[in-house]
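Accompanying notes for the structure given below.
None of the figures in this text is laboratory data; all of them are computed from the coordinates on show. In this text the structure is predicted, and so the values were computed from the model without any measurement. Cβ coordinates were reconstructed from backbone atoms using ideal geometry, including for glycine residues, and neighbour counts include every protein chain displayed.
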Amino acid sequence: MCSAAPLSLALLALLVGCAEPTPAATPAAEELAPVERGPEYDFPLGQRLFDLWREDAPHAHATSSLHRGRLAPGRPAENLVVLTGVRCYQILAVVERPTPGLRLTLFDPTGVPQVRAEGDSDSLSLGHDEPICPGAPGRYRLRLEGDGETAYALRVYGAMSL
């Protein structure tokens, strides 16, 4: 039993040496790897939407599928999205080219308009200046409309706080 004591002491020393944490280098924000662009963004408007997201809301994560289609005068695009009461949201939309009368509206589950953005541009954002933080979960309706014909892409992004 005496010969096992030096072996036990050596193993104990090894374990103690392994347990001492070595200070890990924390990478600076510039050194962090960029977020990978997923395959759902692999089309021209998708790339623009991805770029807008990285610029406007890089700390938020996609909380809806990517919606895309074509707008025509008098034919708004409507999409249902689920918003929870535990996140704040930003909704980003891009179109092929600047479109007159471009409007993006979020309606609550009862059909009441909550937030609206409009302009004659090629992108709109809801929740940029004041994040959308619903008090209760529900199915919300997004309506995108414009006075010209154009393709669009939009997506909802959320975070615990924006």
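Descriptive notes on the structure:
- GluC sites (Glu not before Pro) within segment 99-162, DSSP loop, no more than 13 other Cβ atoms inside 10 Å: Glu149
- Neighbourhood net charge (9 Å Cβ-Cβ; Lys/Arg +1, Asp/Glu -1) for Leu144: 0
- Alpha carbon Rg of segment 93-156, scaled by the compact-globule rule 2.2 N^0.38 Å: 1.14
- Overall Cα dimensions of segment 36-162 - principal axes, largest extent first, Å: 36, 36, 23
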